[in-house]
2 protein chains.
Amino acid sequence: MSAHEQPATDMSPEEFRRQGYQVVDWIADYLAHPERYPVLARTEPGVLRRALPAEPPAQGEPMAAILADFTRHIIPGITHWNHPAFFAYFAISGSAAGILGELLSAALNVNGMLWKTSPAATELEEVALDWLRQMVGLPPQFGIIMDTASVASLCAIAAAREAAGDAVRRDGMAGGPRLRLYTSEQAHSSIEKAAITLGLGQQGVRKIPVDAEFQMDPAALAQAITEDRRAGWRPFCVVATVGTTSTTSVDPVPAIAEVCAREGLWLHVDGAYAGMAAVASEFRWALNGCERADSVVINPHKWLFTPIDCSAFYCRHAAVLRRAFSLVPEYLRTAEAEQAAVRDFMDYGIQLGRRFRALKLWMVIRYFGGEGLAARIREHIRLGHLFASWVDAHPDFERLAPTPFSVVCFRARPTDLPVGPEEERDAYFDALNQRLLDAVNATGRAYLSHTRLRGRFALRLAVGNLRTTEAHVQTAWDLLQEHAARLHAAGRGGAQEKAEAPWKG
Amino acid sequence: MSAHEQPATDMSPEEFRRQGYQVVDWIADYLAHPERYPVLARTEPGVLRRALPAEPPAQGEPMAAILADFTRHIIPGITHWNHPAFFAYFAISGSAAGILGELLSAALNVNGMLWKTSPAATELEEVALDWLRQMVGLPPQFGIIMDTASVASLCAIAAAREAAGDAVRRDGMAGGPRLRLYTSEQAHSSIEKAAITLGLGQQGVRKIPVDAEFQMDPAALAQAITEDRRAGWRPFCVVATVGTTSTTSVDPVPAIAEVCAREGLWLHVDGAYAGMAAVASEFRWALNGCERADSVVINPHKWLFTPIDCSAFYCRHAAVLRRAFSLVPEYLRTAEAEQAAVRDFMDYGIQLGRRFRALKLWMVIRYFGGEGLAARIREHIRLGHLFASWVDAHPDFERLAPTPFSVVCFRARPTDLPVGPEEERDAYFDALNQRLLDAVNATGRAYLSHTRLRGRFALRLAVGNLRTTEAHVQTAWDLLQEHAARLHAAGRGGAQEKAEAPWKG
C-alpha cells in the first residue's frame, strides 16, 4: 500500500477541497509578492533534472509532498513570466479571472471537437470571439480559437493554398506549380516554419524589404510579385504583420491589401501582439486595412491577460478553411452537423482535440470589460512611451526603432568615445549591450531580451504584464543606467586586453 | 465606474483567494455529484448563443456574477466528459492532481519555448516524459509534450519527409518526387489530415486493408510498397496504430517494423489511446515492436488521467525532427543553446508558444504512482471485458469486433426476426441501433458513441473515466437492453409505415 490512503478512483472531493485551498493560497501569495523571486531563473542546465528521481515512483504520494517539491525544486527553476518586471519577448499576464477560467476548464475537461461533444464550448467560443472582434473593430466573420499564432498562421496559409486551387488537397504539391508566399524581412519565424511544414519550402517564401521604420515596402512587394510571375512562380499569399516581433512595426496593410486585390492573392495578417492595441480606440488604427484581409490572427494570451494558450483566428472564408481541413470519419458524424445547424470546430484546423479555451477568454472580457481592458493596454503603452522618452533624453542611450506601442528597442551608446571607424564603434556597442543585458537580467529585478536591428545588437523592453507599474519600469531604467556606466568604465579601461570588447580607441 | 470596485491592475490577492475558494468548492461538489447532470447536454443549437449578450460588456463585472452565469447558462450546455457514465469516443479524466497542476500552470503562465524562458518547464518535461517512457517500456529516446496526437503525428510525418531528403525543407515539394505514406483503413483521420496539410495530398496516403480483427495486413503493406515503387511513387513513411479509434485494434507493429527496415521507411506509431495500456505489465505487449519505431505518440490526456491537452511524442531521431522544424531568429538566440547545453523545445515542432504541460503530468504520475495508474487501467479493461461478456451472453446483442482493451463495439441484433435477405436485416439493425443510441443518450444516464464496421452501424462503449465503477457500466447495459427491447417491439409493429425502419418481414 502506498504512503498515503489512495482511494480506488480519484482523490476524494473533501481532499480536493483541502488541497485546492492550499494551491489557491499559494497562488494568492505568489500574486501578492511576485518580487520575492528573481524574474529570470537563477539556475544551471541540469539542476532540476538531477534533483528529481530518475525513475517514476511506484507508489502514489500525498499531494502535500508533491506541492512541497513544487516549491522546493520547481519554483527556483521558473522564469517568472507573470512577474511585473518581466520585460522580455512580449510580456504576458495570466490574470486572476483567466486563471480561474483555466481551473474550471480543467475540471470540466471537455473536448470541444464537435458541437455535440459540448455545445456550450462551441457556442461560447463563437460568442467570445465575436465580442473580441467587435472590441478591435474587425467586420463580422468566422472566428475560432487556436492554441498559438504559429498554428493559426499555418492554417491561414493552408487556406490560401486551398483557395489557389490546383487540387493540392487531393493530389499534393508534387507536380503542381511552385507556389510563393510574401512576407517582410521582419516577419515572425513562424511564417517561414509554416511554409516549410506545408511543403512550400524556404524558397517558397520571399522576404520583402522594409523601410526605415521596419515596415514592409508595398512597392517592393508589387515588384517582387511581378518578377516572380515572369520567372514561373505562382504567387498565392501575402502575410503582413501588425506588430513585428523585433520592433512592433506595423506593415502598411491598406496598401498591401490593394496589391493583394489586384494580384488575386490571399492576405493574412499576423497581429498576434499589436492587434490587441486596437481594443483602445486611439490605437484602433493598428488594424487599419484588416477589414480587407482574408484572415487575421490576434492573441489574447499575448496582451489580453488570458493565460497561455489562446489565439483568436478570424477568417472571411470559413468554407475555404473548412475545405482545407475537413475530414469527418463515421465515428464523428452527428445529426446536427449533417443538418448544418451547428459548427464543428474540428473541421477548421489541424487538431481534433480542442480544450475549452473560450471559458477563460469570456471570463477575462467580462471581469475587466471592454473599457477596463482598454485602460490597461493604454497604460502599458504610456509606460512604453515614457521609457522611450527617458532613453531619448539620455546622452548615453539611443533608441533603435520607433515605439508605436509598448515595446522599446534601444541600446547604450556612450558618447565619450574617441572618433573611430563606425564598425569598430558598433562592435564595442554590441559587446557592451550584450553584457549590459546579462548584468541587468542577473540582478533578478528585471528581465529584458534583445534583437538585432540593421546588424546592431538592440535591447528590448516590452511592457505587457498587468501588474507592471511605473515603479517597475523606473527600476529597470535605473539598473540599465547604473550597469551601463559601470561596464563602460570597465570596458574602456580594459579594452586592450579584452577580446570581447574590441574597441581600441 | 463599473458595477464593482476594479483595481488598477488585477483582482487583489485577497479577492483571488475568496473567488478561488468558491471555484474550488464548486469543483469539489461537481466531482462529488457528477450524476446530477445528464452526461450528454440537453440543449438545442443556439441556446447559449442567444442567452448571452451579443455585445461585449463595456464595464467590468464582479466575479460572482460571472460565476453565476457560468452555472446558469454554460453548465446546461456542457457534455460532461468528466462524468463516470461518459462512454463515448475515448473516455477521459481530468483527475484532481491534474486539475491542480493546470491551476498552477495557469498562475505561473510560463512559455517554455526556450530552456532559458523557464528552465524548470523544459527539465520537468524531460523528466516526466522519461518516467512515462519507462512506465510503458519504450527504450531511451527524445521525448516532447505536444498538445494533441494530431499535431504529434503531423510532426512525425514531417520528420519522415525530412529524413527522406530531397531538400524539401529548402525547395518545397513542387519539383520533388511523389511521396507516399501508408496507414491502415482503420487509422485515425488525423493521419490523412496531416498528409493534406504537409502537401502530400490525399493521394499521398495509401490505405492498407485490415484483417478480420481490423489489424493492418503487413503482406498487403509490402505489396503496396512494391507496386508503388514500380508506378513511380517514393514511399517514405508508414503509420501503424496501436488502438485504432473505431475498435482499438492493434496493428502488428513487429511485422510492420520489419517491412519498414527492409524498405528504408520511417515508422511512426499512433498509440494515442492504447499505448497507455502498457502501463499495466500484462498489457505491455500493446507496444511490442515499438522499440523499432522511429517515432511513437501516446496520450496522457486520453487514458492517464491528465486534463486535456497533453500528448507525449517520442522520437529516436531528435536531430531529424529538429532539422525539420528549427528556425532560430536573433531574438530567440541564447548562450545556453549555442553551447548546446540545453534543449529548446520550440525547435522540435510547429508551435513557438509552449505552455507548461509537464507540471500536471508530473503531478498525476506522482499522485497515483506507477502501480496506482496500472491498477486503474487494469480496472477499466476489466470493466470493458465484463461488458463484452454480457453482450456475448445475450441472445439479442452481438459484438462486432474483438475487445483488446476497454472499448466494446457491439449492436443489438434481435433473433426473433423472420428469415430475409441479409441486406434488409442489416438495414433494420442499423436503424434500430441508431435509435437505440439516441434513446440511451437521451436518458442522460450514459453517453455512448458509434462507428461503422464492415458497413454496419456499431455502438461503442469506452471505459476510461477514473470515477467509472461497475455500477455505471451495469446501468448502461440495463438501459441498452430496456430500450432495445422497446424499440424493437415498436419497430416490428410499425415497420410498414416507417421509412427509417426498412425491415419489411
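The values are calculated or read from the model by the stated rules, or taken from the named source; none is laboratory data. Computed from a predicted model, the values in this text were never measured in an experiment. Every residue, glycine among them, receives a Cβ derived from its backbone with ideal geometry; neighbour counts consider all protein chains shown.
What to note about this one:
- Contacts under 8 angstrom Cβ, first residue in segment B:304-329 being without any contact (Cβ under 8 Å) to a residue 40 or more places away in the chain and polar (S, T, N, Q), partner crowded, with 18+ Cβ neighbours inside 10 Å and in a helix (DSSP H, G or I), 6 or more apart: B:S326/B:D347; B:S326/B:Y348
- Checking each residue in segment A:244-259 for being in a helix (DSSP H, G or I) and either in contact with a His (Cβ under 9 Å, 6 or more places away or on another chain) or surrounded by 24 or more Cβ atoms within 10 Å (Cβ to Cβ) (or both) picks out A:V253, A:I256.
- Flag if B:P218 is outside the structural domain of B:V407 (by TED's automatic domain parsing), over 18 Å from B:E192 (Cβ atoms) and either β-branched (V, I, T) or at pLDDT 95 or above (or both): yes
- Boolean, A:V296 is closer than 24 Å to A:C237 by Cα, modelled with pLDDT of 95 or more and assigned to a strand (DSSP E or B): yes
- A:H80 free of Cβ contacts under 8 Å to residues at least 12 places away in the same chain and either in contact with a strand residue (DSSP E or B) (Cβ under 7 Å, 6 or more places away or on another chain) or in the same structural domain as A:D10 (by TED's automatic domain parsing) (or both): no
- Matching residues in segment A:100-159 - criterion: being without any contact (Cβ under 8 Å) to a residue 60 or more places away in the chain, touching a strand residue (DSSP E or B) at 6+ places or on another chain (Cβ under 9 Å) and surrounded by fewer than 24 Cβ atoms within 10 Å (Cβ to Cβ): A:D130
This table checks each residue for (1) under 17 Å from B:Q141 (Cα atoms); (2) surrounded by 23 or more Cβ atoms within 10 Å (Cβ to Cβ).
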| site | (1), (2) |
| --- | --- |
| B:V297 | yes, yes |
| B:P300 | no, yes |
| B:F313 | yes, yes |
| B:R316 | yes, no |
| B:V320 | yes, no |
| B:R333 | no, no |
| B:E336 | no, no |
| B:D344 | yes, no |
| B:I350 | no, yes |
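- Across segment B:219-241, not a single residue is classified as at the interface with another protein chain (Cβ under 10 Å from one of its Cβ atoms), more than 30 Å from B:R411 (Cα to Cα) and part of a helix (DSSP H, G or I).
- Hits in segment B:208-219 (condition: without any contact (Cβ under 8 Å) to a residue 40 or more places away in the chain and either crowded, with 17+ Cβ neighbours inside 10 Å or within 21 Å of the chain's Cα centre (by Cα) (or both)): B:I208, B:V210, B:Q215, B:D217
- Selection from segment B:436-466 of residues that are over 21 Å from B:E35 (Cβ atoms) and in a loop (DSSP other than H, G, I, E, B): B:R454, B:G455
- Identity of the residue in segment B:7-42, at the interface with chain A (Cβ under 7 Å from one of its Cβ atoms), among the hydroxyl-bearing types (S, T, Y) and surrounded by fewer than 20 Cβ atoms within 10 Å (Cβ to Cβ), that ends up nearest to A:F368 (Cα to Cα): B:T9
- Verdict on B:R206 being within 30 Å of A:A195 (Cβ to Cβ), in contact with a Pro (Cβ under 7 Å, 6 or more places away or on another chain) and at pLDDT 95 or above: no
- Some residue of segment B:83-99 being assigned to a helix (DSSP H, G or I), under 21 Å from A:I75 (Cβ atoms) and touching a Ser or Thr at 6+ places or on another chain (Cβ under 8 Å): yes
- A:G275 in contact (Cβ under 8 Å) with a residue 60 or more places away in the chain, within 30 Å of B:I191 (Cβ to Cβ) and not hydrophobic (A, V, I, L, M, F, W, C): no
- Qualifying positions in segment B:53-82 - in a loop (DSSP other than H, G, I, E, B) and either more than 7 Å from chain A (Cβ to nearest Cβ) or small (G, A, S) (or both): B:P53, B:A54, B:A58, B:G60, B:P62, B:H80
- Conditions (1) over 20 Å from A:A194 (Cβ atoms); (2) at pLDDT 95 or above; (3) small (G, A, S); number of the one not met by B:G165: (2)
- Qualifying residue in segment A:357-372 (condition: under 30 Å from B:F16 (Cβ atoms), among the acidic types (D, E), under 22 Å from the mean Cα position of the chain (by Cα) and at pLDDT 95 or above): no
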